[in-house]
1. Look at the range B:692-720 and say how many of its residues are more than 9 Å from chain A (Cβ to nearest Cβ) and assigned to a loop (DSSP other than H, G, I, E, B).
2. Out of all the residues in the range A:82-92, is one or more open to solvent by less than 40 Å² (accessible area, probe 1.4 Å), β-branched (Val, Ile, Thr) and not in a strand (DSSP E or B)?
3. Of all the residues that make up the range A:200-220, how many are of a type in the set (Ser, Thr, Tyr) and loosely packed, with under 11 Cβ neighbours inside 10 Å?
4. All but one of (1) within 14 Å of another protein chain (Cβ to nearest Cβ); (2) hydrophobic (A, V, I, L, M, F, W, C); (3) under 29 Å from B:ALA456 (Cα atoms) hold for B:CYS663, so report the exception by its number.
5. Enumerate the pairs (first residue in the range B:242-267 and open to solvent by less than 10 Å² (accessible area, probe 1.4 Å); second residue anywhere and part of a helix (DSSP H, G or I)) with beta-carbon separation below 7 Å, excluding pairs fewer than 6 apart on the same chain, so at least 6 apart or on different chains.
6. Is it the case that the range B:293-313 has a residue that's outside any strand (DSSP E or B), in contact (Cβ under 8 Å) with a residue 60 or more places away in the chain and within 24 Å of B:PRO183 (Cα to Cα)?
7. A:VAL173 versus (1) open to solvent by 50 Å² or more (accessible area, probe 1.4 Å); (2) within 25 Å of B:ARG598 (Cβ to Cβ); (3) not in a helix (DSSP H, G or I): which is the lone unmet condition?
8. Going by the structure shown, is B:CYS767 within 13 Å of the ligand (Cβ to nearest atom) and either buried (at least 17 other Cβ atoms within 10 Å of the Cβ) or more than 14 Å from every other protein chain (Cβ to nearest Cβ) (or both)?
Amino acid sequence: MSDSEPEAMAEADGVPSTKLPPHLELRRTRVLCKVDAPDNTDTIQYSGAYASLGHENSLRFADFCKDFRVDITRISDDDMELDMVGVDPSIANAFRRILLAELPTMAIEKVLIANNTSVVQDEVLAHRLGLIPIKVDPRLFDYLSENDTPNEKNTIVFKLHVRCEERGQRLTVKSNELMWLPKGSEFLKTSESLTSTSKPETYTSFTCSQDSMPEFAGNPIRVYPDIIISKLGFGQEIELEAHAVKGVGKTHAKWSPVATCWYRMLPEVELMEEIEGEKADVLKQKCPAKVFEIEDLADGRKRATVARPRACTLCRECIRDGEDWEKRISLRRVKNHFIFTIESTGALPPEVLFTEAVKILEDKCERVISDLS
Amino acid sequence: MSAGKEGRALSILRDVFLANVRVIKNNFRPKCIYVAVMLRRMMEAILNKDAMDDKDYVGNKRLELSGQLISLLFEDLFKTMISEVQKQADNVLSKRSRSSQLDLSMLLVKDSITLGLERALSTGNWDVKRFRMHRKGMTQVLQRLSFIATLGHVTRILPQFEKSRKVSGPRALQPSQWGMLCPCDTPEGEACGLVKNLALMTHVTTDQEEGPLISLCYCLGVEDLELLSGEELHTPNSFLIIFNGLILGKHRRPQRFASTMRKLRRIGRIGEFVSVFVNEKQRCVYIASDGGRVCRPLVIADKGISRIKEHHMKGLLDGARTFDDFLREGLVEYLDVNEENNALIALYEQDATPETTHIEIEPFTILGVCAGLIPFPHHNQSPRNTYQCAMGKQAMGNIAYNQLLRMDTLLYLLVYPQRPLLTTRTIELVGYDKLGAGQNATVAVMSYSGYDIEDAIVMNKSSLDRGFGRCIVMKKHSAVNQKYENGTSDRILRPPRKDDRNKKGENPDWERMQILDNDGIAAPGEIIRPNDVYINKESPIMTKGSLKMVALKDSDYKPSRQTYKGAEGESCVVDRVTLCSDKNNNLSIKFMIRHTRRPEVGDKFSSRHGQKGVCGTIVQQEDFPFSERGICPDLIMNPHGFPSRMTVGKMIELLGGKAGVSCGRFHYGSAFGEPSGHADRVEAISETLVKHGFSYNGKDFLYSGITGCPLQAYIFMGPIYYQKLKHMVLDKMHARGSGPRVMLTRQPTEGRARNGGLRVGEMERDCLIAYGASMLIYERLMLSSDPFEVQVCRACGLLGYYNYKLKTGICSSCKNGDNISTMKLPYACKLLIQELQSMNIVPRLRLADS
Ligand SMILES: [Zn+2]
């Protein structure tokens, strides 16, 4: 990423490298998706793998800097697609794993139920509340460790108090009803004796109101709206306080900042021979993803072309009918080009999530380096 | 011979021998003819083996329903009561001097019938002396474990004869049970094939009045038996007419007679369940109107053309017609097993020929309710369907719509039950889609981690975090506020609170009673821990003796609190508390204690194809494989589960489910449903898959979550409906170090409930012997079990005792302690020696130096 000194590294190893023969180059860089099974799925990391051919297989920083590329192909508030080119699957996978399991978010961990006469049991209600994404930047908070007291730096408190007042009606309780309590818990600890002169103790000890903090002034903490929490019949009531804390997806999926996050390798569809005339039409018809298009040649003939290889879902329809089709078309995946999709739950925008993931990986690498030295 | 004996023989002949043929005005002729016909049949069977009746043939069987059984019981009780009254009345009337008038109502034992019925229903013992009937287990408590268990239970048919018999005939599948009894649903083991279940459309008949039917038969040209000679009865061109096992007479044109009867039945002049069966072989027409026959509806066809036309079906769809209208209009009719022999039934309308008389309504109705849940059962190996029938009853899910208001002793609920993505028509008909017991899990069929051997499944931790397989187990605990014979009763007290102090200034119990309300009963919604008191009850010390009306003092009560005994570390919640009065008018307090569980390693899961397996390991989502479109499976199943089980239906379920989620339509997999459109064909499913960008064979290109590289095979992945079964490790896991022992043998107790030890059995012992691990045997069989020190006399070889005063061992038979050795023995061995001695057998121990 940093472009400080690529040249120096490149000069450092001066071994001349020959190009690999095309069939080996194909095996090195592509996954071949045949009818029965994919082939060449692994990557070759050993630097001397092609030493006998005079090819140097080690990863060079200069090459990496030259080849590495990140293009954002689609971005919206809660999801994005980006192309990551020039890395090994293990690196791309590391980002994916970090995004799923190691990026912290805030999620409801403790629910204090004062009253719940709904049909949803307390534990189930608490579980449902836990899974509601909270739209707040987790970087503004600390982890709540076991001996800590909940304070404004590590806890967000929400209140939910609903009651169905209308006879014969069903009230749907949605996540919008969760009210942020910037001053912390309102429930008093009952165990404290009433004679205490100090102000009554609650379940949190906030030193100041969260909405007085600059980050939240005029920007109240909200949860993802329109998630059904429960349904209430006439006279049923839910009164509770939910305490959200910081955590990572490894502990529980509710802390995962992404709905899901995955990548796929760039599809590459190659026509091994000219497909013309009727066969071209057949081929175009076969593909549900509309990968192929027909090109009119000058002499009135029709020829199939690969118009949208990226759309290939690997349904293998085009190579399904017999060996001759298998020979005509080669479906491949580029081993160092990843189409990465991040679907955020709303806590952080997807582009921030990705950069955060990079930071975490960086930290991990630094930790390894410092441990080694 | 005396006249008395002759009279008795006559009365036996009249009343007991062939009791169904009644003797009117001392006319024994019908009985004679009946016997003659029986003999004729017998001879025929001897000459021709084909003429033999099959006792396993369903048409020769009758089901006993509750009404018949209860009427039998009532008749007996009523007659017993009458004879009792008669005896008493005779007693009273025989007295010479009577002061009061005879009042029969005074002689009636008031609730003898009620009590008799109640006793029979509660014990299940049907003892009817009059008919020498002594049957046990006639009543059962209806299973409410799951919705399907209930449905399966009410359609169950129990055999009368004992299960231990080693005959295969009654257990084998009978061709005549087609459409009447489910071919799949039968238990495994000793009752296999004997216990059956009704098919989906089976109807069991009840008794119908005989008189009008008999006179109708005579009107239709049946020649009365009374007017016929034996020769005339068996003329070649006439058929015997047998009505409910009674010979009415003969008919010269049996086919015409039968068709007239059937016509009358179709227009509703006689009951719809009356069966008319012409048996050409036996030259008989059987008419049956008795109860307990199984029958099923069929569409009537005239010369192979169905009577149900399009406008009828439209009316049915619009709700303008019902099934009963079809029956009333003579479009469908019920046929019993015997009459089916006179019908030519086409499976589908297009298969009908001009000879066809009936058309099946739907082939999937040959299966019962439990087998009806299986998608594509006709693609499975048949035992798998049988296994699923047994397993579907153990699945957790919804029990009934009022499940949260019921007070069952044990209730298993699923937190997020779903309806199956791949449904069947039976599922819709019985309402399993509304009260489901399972969840649609995305399954990848591949091997993973080695923790998936022996059908174990690998589960995705994030799926579990998000609520997959979560269940609620509720147990009922009850307490009774007992009233005693001396007028005293239990009382429930306000619990002591933290600041309360008793006379001694201490309050040790308040912590265990925090969950109690001020009324002394646990409050709903409170978390209950082991050793918490859930009812603060006190009982009077004196419960017997004279009636005391004085108010009791506090000191007259002793606490009889009930504490919750659950496993440590489980957090249970008091779900509901009900107060009601029991049958002795005591206040009864019932508590439902709820425990919500997430799946853990060892919990049992099963698909709907008899493929059960435990959860082998739980893996983080990031380690799970993922597909090109980001789909991550909920669980991974090992492909070795398929080849030997041959559950092709499961594979089709996966394909159909996958197509269902991609196109947004529920797919169907009713049994034999492909021709009629009640099951989707694999070709069509594959087409849908391709249209949505999947491979036609359901195999996806997956990336390893661990290395990030693509997997070296395409993985068969898609949704399968998975059931969580009620067997959970939490209820079964058990281990112990030292613990309780049995009083008699001083060996460790047996069983989890008694915190028992794990037995080193005979076979394990043999292994240790073979291995030569003598010290291990010594340790397991003695030191860790029941070591005991004994004094043995070397002179006489008997056991002595230790005299603590003299500090020596003494032999009680030699009367000295000269030759005493001390040795260790299992207590059970010492017990054996002494027990033998008590039986005058003297085991002597010969000791040698080691
Ligand atoms: Zn002795």
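The values are calculated or read from the model by the stated rules, or taken from the named source; none is laboratory data. In this text, all values refer to a predicted model and were calculated from it rather than measured experimentally. Methodologically, a virtual Cβ is constructed for each residue, glycine included, from the backbone with ideal geometry; neighbour enumeration extends over all protein chains shown. Accessible surface is based on the protein model in full, side chains and every heavy atom, while ligands, DNA and RNA are left aside. Shrake-Rupley method; radii C 1.70, N 1.55, O 1.52, S 1.80 Å.
1. Residues in the range B:692-720 being more than 9 Å from chain A (Cβ to nearest Cβ) and assigned to a loop (DSSP other than H, G, I, E, B): 1 in total.
2. yes
3. 1
4. Condition (3) is where B:CYS663 drops out.
5. B:PHE243/B:LEU213; B:PHE243/B:ILE214; B:PHE243/B:CYS217; B:LEU248/B:ILE214; B:LEU248/B:CYS217; B:LEU248/B:LEU225; B:GLY249/B:LEU225; B:LYS250/B:LEU233
6. The answer is yes, given that some residue of the range B:293-313 is outside any strand (DSSP E or B), in contact (Cβ under 8 Å) with a residue 60 or more places away in the chain and within 24 Å of B:PRO183 (Cα to Cα).
7. Unmet for A:VAL173, out of (1) open to solvent by 50 Å² or more (accessible area, probe 1.4 Å); (2) within 25 Å of B:ARG598 (Cβ to Cβ); (3) not in a helix (DSSP H, G or I): (1).
8. no
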